[in-house]
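Step one of this worksheet: look at the structure below.
Nothing in this text is a laboratory measurement; each read-out follows from the coordinates by a stated rule. Remember, it's a predicted structure, so these values are computed and weren't measured experimentally. Reconstructed Cβ throughout: ideal geometry from the backbone, glycine too, with neighbour counts over all protein chains shown.
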Amino acid sequence: MTGQTPPLALYVHWPFCVSKCPYCDFNSHVRERVDQEAWRAAMLADLAHEAGLLPGRTLGSIFFGGGTPSLMPPETVAAVIDAAERAWGLEPGVEITLEANPSSVEAARFADLAAAGVNRVSLGLQALDDQALRFLGRAHDVTEGLGALDTAQRHFGRVSFDLIYARPGQTQAQWEAELARALSFGTEHLSLYQLTIEPGTRFATLFEKGELAAFDPDAAADLFEATRALTAAAGLPAYEVSNHARPGAESRHNLTYWRYGDYAGIGPGAHGRRTGHATVRHKKPENWMSAVERNGHGTQIEDALPGHDRAVEALVMGLRLAEGVDLARIPDAPIDAAALERVIALGLIAREGARLRVTDAGMPVLEAILREVVAA
């Protein structure tokens with residue numbers, strides 16, 4: 001990759017869940033008690049290791065994610081932010097996001113987390129319908145979720161939440177009404193995902209048993225187009241295939257991923273990309289802790305990525321964005337030239353100088369375009 005070095009991003013993975021989760025495999029990470037001082041010290045050691053490998057950089061964003069990061073002690077959040085600032089320095093207007101479930105227990109901690117330095121929260125509302133929330137396996141109901149959203153808007157300058165659509169039996173009229181209600185809350189950012197049936201999930205099991213039908217692809221495409229039209233009309237256009245924001249309110253952290261910038265990952269299970277290397281931390285909390293005590297960091301895998309692999313990743317990530325990808329930043333971009341010309345002729349990709357971007361017509365079939373054009 002070429003060009004100016006952009007600000008660094010830091011991903012902090014807090015592994016612990018407070019209850020069994022239908023979406024991830026962190027059920028083994030439920031803990032009734034955690035030695036907070038030991039965990040804070042280990043997180044800071046892991047951070048110091050990454051800082052030593054990425055000198056002279058500044059941070060544009062910090063993202064606290066993982067199991068239930070909103071239940072991290074505010075003292076730990078503040079300590080990580082302080083250590084990151086001392087190690088790298090923070091860009092003006094640095095974005096510090098915390099992922100949270102919309103429960104009253106977690107919302108009660110928002111004031112302390114804001115005081116610790118968090119300035120943006122991402123809430124997993126997922127639906128504005130109680131029956132849908134039960135289907136999705138969520139513990140909160142709509143009333144509790146909207147209460148958490150109200151609390152978040154009082155304590156954080158920037159708020160985002162997510163919804164899942166194309167749920168079984170959902171009509172376009174139902175989704176448009178739900179989305180209109182979501183837009184009425186006035187947040188600056190929405191993440192809107194179509195329900196997918198991923199291997200190993202509860203939904204995949206139901207599908208295999210014939211108890212869950214796949215959503216009709218044509219109907220899903222109609223919902224996708226309606227979503228983009230409604231959000232654009234409300235002043236939150238799509239800047240990525242599933243993410244919508246007021247201009248200037250895009251997620252800085254996620255833009256680092258999609259623009260293929262460097263990000264350091266610390267904490268159990270955290271992934272990172274830095275200076276052409278892919279890093280993975282030990283996933284099991286106790287194994288990560290042991291590695292930190294033994295080596296001063298929790299890295300399990302650190303691989304130098306071949307130039308071809310980096311170029312593929314940069315293309316796949318960049319073409320998700322409305323702005324597209326600048327091929328001048330990707331030497332020897334692995335593109336099937338004939339396939340690209342076919343897709344351009346169909347109006348699914350636009351070429352503007354050295355920049356390629358997927359058009360509005362192409363976004364609903366993005367995955368197919370990537371398989372066709374990117375010569376992996």
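Taking 7 Å steps out from each Cα toward its Cβ at Ala213 and Glu75 produces label points 5.5 nm apart.
Which FRET efficiency value, to the nearest 0.05, do you get for Ala350 and Glu85 by plugging their Cβ-Cβ distance into 1/(1 + (r/R0)^6) with R0 = 45 Å? The partial results should precede the final answer.
Numbers: r = 40 Å, r/R0 = 0.90.
Efficiency for this residue pair is about 0.65.
Taken over the C-alpha atoms, the stretch 307-373 has Rg and Dmax values of 10.7, 31 angstrom. Distant-in-sequence amide contacts of Arg158, defined by a placed amide H-H separation under 5 Å and a gap of 5 or more residues or a different chain, comprise Val121. If R₀ is 41 angstrom, what is the calculated FRET efficiency for the pair His271 and Thr171, using the beta carbon separation as r and rounding to 0.05? After rounding, the FRET efficiency stands at 0.65.
Quick check on the exposure proxy: order Leu230, Leu346 from fewest to most C-beta atoms within 10 angstrom. Present the calculation step by step, with values, prior to reporting the outcome.
On the way: Leu230 18, Leu346 13.
Sorted ascending by nearby Cβ count, the order is Leu346, Leu230.
The simple spin-label model puts a point 7 Å past each Cα toward its Cβ; for Arg181 and Asp35 those points are separated by 4.7 nm. The value of relative contact order for the stretch 307-373, using C-alpha pairs under 8 Å at least six residues apart, is 34 percent. A protection proxy built from the mean count of other Cβ atoms within 10 Å ranks the segments 69-75, 48-54, most packed first, as 69-75, 48-54.
What FRET efficiency comes out for Ala328 versus Thr143 if R0 is 56 angstrom and r is the Cβ-Cβ distance? Round to the nearest 0.05. Before the final figure, lay out each step's value.
Values: r = 51 Å, r/R0 = 0.91.
My answer for the efficiency is 0.65.
With both labels modelled 7 Å from their Cα along Cα-to-Cβ, the Gln131 to Tyr193 distance reads 2.4 nm. Quick check: Cα centre of the stretch 247-273 to Cα centre of the stretch 218-238, how many Å? The distance from the Cα centre of the stretch 247-273 to that of the stretch 218-238 comes to 25 Å.
Over the chain, calculate the relative contact order: mean separation of alpha carbon pairs under 8 Å at least 6 apart, over the residue count, as a percent. Please list the in-between numbers first.
On the way: 664 pairs, mean separation 59.3, N = 376.
Averaging sequence separation for qualifying contacts and normalising by length gives 16 percent for the chain.
The GluC sites (Glu not before Pro) of the stretch 177-257 that DSSP puts in a loop, and whose beta carbon has at most 11 other beta carbons within 10 Å, are Glu211. The structure shown yields Cα extents along the principal axes in Å, and of the options (i) 117, 41, 32; (ii) 57, 50, 43; (iii) 63, 55, 36 that calculated value carries the label (ii). Could you tell me how far the Cα centroid of the stretch 122-139 sits from the Cα centroid of the stretch 295-366, in Å? Cα centres, the stretch 295-366 to the stretch 122-139: 33 Å. One chain, two ends: Thr58 and Ala375. Fully extended at 0.36 nm per residue, the span grows by 110.8 nm beyond their Cα-Cα distance. Measuring nothing but how far apart in sequence close Cα pairs (under 8 Å, 6+ apart) lie, relative to its length, the stretch 73-205 scores a relative contact order of 23 percent.
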